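For reference, the structure discussed in these notes is given below.
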Amino acid sequence: MPDPARSTADARPGNPMHLRGLWRFVRPYRWHVAFALCLLGMAAATALWFPWALRGVIDTAFAAGQGTDQVAALQGHFGLLAGLAVALGALSALRFHWFTWLGERITADVRQAVYDHVLRQSPEFFETTKSGEVASRLTTDTTLIQTVVGSSLSMGLRNAVMGTGALVMLVWSHPWAMLQVLAVVLVVVLPTVWWGRRVRRLSRASQDRVADASGIATEVLAAMPLVQSYTAEPRESRRFADSTEAAYAVALQRSRARSGLLGFVMITTALLVIWGLYLGSQAVLGGRMTAGELGQSAIYAMMFASAVAVLGEVYGDVLRAAGASERLAELLGTVSPVRAPAQPTPLPDHAGGSEVTLEGVTFHYPSRPDQPALQDVSLRVGAGETVALVGPSGAGKSTVFALLLRFYDAQRGVVRLNGVPVDALALQDLRGHIGLVAQDPVIFSASALDNIRYGQPDATPAQVEAAARAAHAHEFIVRMPEGYDTFLGERGVRLSGGQRQRIAIARAILKNPPLLLLDEATSALDTHSERAVQAALESAMAGRTTLVIAHRLSTVQKADRIVVLDHGRVMEQGSHTELMARGGLYASLAALQFQE
């Protein structure tokens, strides 16, 4: 799978046309956009009217005579200017508000769409994409888009309209002189376009390097106890500094290129305006133009120059946003290999739990295509049965859970739940049917109450407490400062390993699923707590199908059946007594553990 977050700038430079990908987010607000554009057009037209009104003031003021009619006419011209100023201020304020609202609204929609899309990706996606880089897309890239849509786009459109209008007025007023200016402008545009391509490439590269630094920071901050235990702070600091310096170096190149582009545009435009004014002054001296017309032309020329300068700066923002839009489009275009069927099969109920079947299943992880995790595995777990999966590390035990939850699809064979292939079921139905307690339980940055009812958000406090008591978590929860409302910290840092596992067990018990998957659910518990929680789990497993992964064989002796896996194959299965009598792999593992 290609990495949407790590595409290089050299391979595919940003292009303003990539902003077209934002249209699907703009379309729901097209009437708001139309209204904002009307405000923009009215504000620009009002601004363009100013020089025309000022021409009347100058020509009236310098006209021969000082009669009453002349004073009244002058007052009328100044009144018109005042009215235009008020109208321009009001229209500009409304335009700014609407474009800012559009920028914030569209950015929020883009951010939500990216987040929702990432949530639906299979684990294969996260094998090639760092979560820190995804976070960078959700923050840095969407902020660039917000800047363009909410601010730069408004400025760019406004100045494009005003610059075009000013140029049209100049050409209309003095065609020959201004057509010469326009011809030179076209010559200036060519190097500007070439320069812009370099800015695009550097903008994309700069965003990639920022994402790299973000990915490193996210990874290290999530593993601070390990980093500190190995006294690796200086090494990690240097690694982050190297990444930050790389981002700085590219950003500096981008800034230099963009500054050069902006300076080139402003200097050449200013020189063109000065040349145009020189031609106009010659026309006044020759009697071919009035002073008012020269003033009008001067203001239009300055408006044109200012518009071009602003457009040069806005173009830089557009280039950066184009790179951000392209990267977000790549992320949104990533298709998960695990998708719900168009017409899912309803999951039939099964009395006394669920029935699980694996038929000739062979599976390779995408990141390890030459190393099979499961090889031709066939297994049937009856409704209400408790089956333990044991074997050495890497035997394929957790892979069975991953295929049952349909985090991946097997390359060969069929995985069934209640007789239905899991890839024919809606993902919500399949995963809602299963409760999972992982070896390394996830605790969210929330209260104990919210963590326990994560799988059943509408559970009452009494139901949460009952589940906590069943998992032997109630005792330590009520001793915390705020009881069930106590904030557990990021990733549950305020809890011990055993306490985190009991919270996870309570979460699964509260969900009350027909199929329960326990992946080393008691591995972090001391002997006393393990016995208590094991009793609670035995009670929770009653009336449901349970699959248990365990390395400590003492925890699975009471299972209805024990399946021994090694190198992705089923080596043997039976009860503890039967397997011990056979003297196979299970007996060898048991002998090693029980002799310790």
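Numbers at a glance
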read-out: Full-extension gain in nm, residue 378 to residue 32, via 0.36 nm per residue minus C-alpha separation; value: 118.7 nm
read-out: Accessible area, probe 1.4 Å, largest first, for residues 143, 555; value: 143, 555
read-out: Accessible area per residue, Å², segment 346-440 with all protein chains present, probe 1.4 Å; value: 42
read-out: Label point distance in nm, residue 335-residue 393, each placed 7 Å from Cα along Cα→Cβ; value: 3.8
read-out: Net charge dipole size for segment 368-512 [Lys, Arg +1 and Asp, Glu -1 on Cβ; Debye, nearest 20]; value: 220
read-out: Area of residue 484 that stays accessible when all protein chains are in place (1.4 Å probe, Å², to 10); value: 40
read-out: Backbone N under 19 Å from the residue 414 label point (7 Å along Cα→Cβ), restricted to segment 331-370; value: 339-350, 354-363
read-out: Whole-percent carbon and sulfur share, accessible surface of segment 364-431, 1.4 Å; value: 45
read-out: Coil-residue trypsin sites (Lys or Arg not before Pro) of segment 416-490, DSSP, other Cβ within 10 Å capped at 10; value: 479
read-out: Using a Förster distance of 25 Å, the FRET efficiency for residue 24-residue 120 (Cβ separation, nearest 0.05); value: 0.90
read-out: Pair residue 551, residue 275: separation of 7 Å Cα→Cβ label points (nm); value: 7.8
read-out: Cα-projected label distance for residue 538 with residue 463, points at 7 Å along beta-carbon direction, nm; value: 2.8
read-out: With DNA, RNA and ligands ignored, accessible area of residue 367 (1.4 Å probe; Å², nearest 10); value: 70
read-out: Additional length obtainable on full extension of the chain from residue 567 to residue 127, 0.36 nm per residue less Cα span; value: 156.2 nm
read-out: Full-stretch length increase - residue 81, residue 108 - with 0.36 nm per residue and alpha-carbon distance subtracted; value: 5.7 nm
read-out: Heavy-atom SASA rank of 98, 52, 31 (probe 1.4 Å, accessible area, largest first); value: 31, 52, 98
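The values are calculated or read from the model by the stated rules, or taken from the named source; none is laboratory data. Please read these numbers as outputs of a predicted model, since none were measured by experiment. Cβ coordinates were reconstructed from backbone atoms using ideal geometry, including for glycine residues, and neighbour counts include every protein chain displayed. Remember, those area values only see protein heavy atoms, side chains included, never the ligands or the DNA or RNA. Shrake-Rupley method; radii C 1.70, N 1.55, O 1.52, S 1.80 Å.
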